[in-house]
Amino acid sequence: MNSPYNGNFKVTQEYKGASHDGLDLVGIDSKEIHSTVNGVVEFAGWENSNNHSQGFGQYVKIIDNKTGYGFYFGHLSTIKVKVGQSVKITDVIGIEGNTGNSTGSHCHYCIRKNGKGTHIDVSNYSGIPNKLGTYNDGYITNSSTTKTDTIELKVNGKTVYKN
């Protein structure tokens with residue numbers, strides 16, 4: 001599983017295609033948001049700098065080096081990266097928040113091909129279940145442990161990252 005969190009998190013809203021193009025996730029062990037791809041930050045800021053209550057609020061968009069897809073992390077309270085910065089899987093890119101059109105602290109995690117065009121099923125791509133519930137991405141086992149020395153990420157049975 002490849003989630004923006006380390007350890008335990010909740011799925012609080014499911015992927016529903018164009019009507020809800022991503023998963024709403026809430027961190028349990030940590031509120032840090034981690035990159036789920038190796039790529040370059042294309043956007044980091046307010047979706048609408050004149051009206052902070054719209055859309056994703058503060059968000060980060062990363063273009064995946066491998067697929068060219070845009071990976072979006074919305075509603076952040078704090079952004080920890082800059083446009084043009086290279087990031088790798090597990091790098092901290094921000095802190096979960098409640099900015100934009102949001103009803104509570106969470107991260108809206110979605111994938112888009114060709115900008116706002118084609119929506120990619122983030123659940124299928126990442127391995128995060130498209131079902132309400134609590135899950136663990138396997139990077140840490142409880143709040144007192146740290147990241148494992150070796151991280152292997154599999155998507156659809158293929159190894160896409162190993163350190």
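Brief remarks on what is shown
- Positive-pole candidate from Gly84, Ile111, Asn124, dipole of the range 54-127, charges at beta carbon: Gly84
- Inter-site label distance for Val83 and Ser49 at 7 Å from Cα along Cβ, in nm: 0.8 nm
- With the highest mean first, a sort of the peptides 123-135, 4-16 on other beta-carbon atoms found within 10 angstrom per residue produces 4-16, 123-135.
- Inter-probe distance in nm under a simple model that places probes 7 Å from Cα toward Cβ, at Asn124 and Ile63: 2.5 nm
- Value of Rg to Rh for the range 4-143, rounded to two decimals, is 0.93; Kirkwood radius and Rg both from alpha-carbon coordinates.
- Approximating the spin labels as points 7 Å out from Cα along Cα→Cβ, the Asn98-to-Met1 distance works out to 2.5 nm.
- The range 49-94 - convex hull of the alpha-carbon atoms, volume per residue in Å³: 84 Å³
- Charged neighbours of Gly133, selected by a Cβ distance under 13 Å, balance to 0 (K, R count +1; D, E count -1).
- Taking every protein chain into account, the accessible area of the range 1-115 amounts to 41 square angstrom per residue (probe 1.4 Å).
- Highest mean packing first, where packing is the average number of other Cβ atoms within 10 Å per residue, the peptides 25-36, 60-71 line up as 25-36, 60-71.
- Restricting the calculation to Cα atoms, the range 55-127 yields a radius of gyration followed by a Dmax of 12.1, 34 Å.
The values are calculated or read from the model by the stated rules, or taken from the named source; none is laboratory data. Small disclaimer: the values here were computed from a predicted structure and weren't measured. No Cβ is skipped: glycine too gets one built from the backbone with ideal geometry, and neighbour counts run over all protein chains shown. Quick note on the areas: whole protein, heavy atoms, side chains included, nothing else; ligands and nucleic acids left out. Shrake-Rupley method; radii C 1.70, N 1.55, O 1.52, S 1.80 Å.
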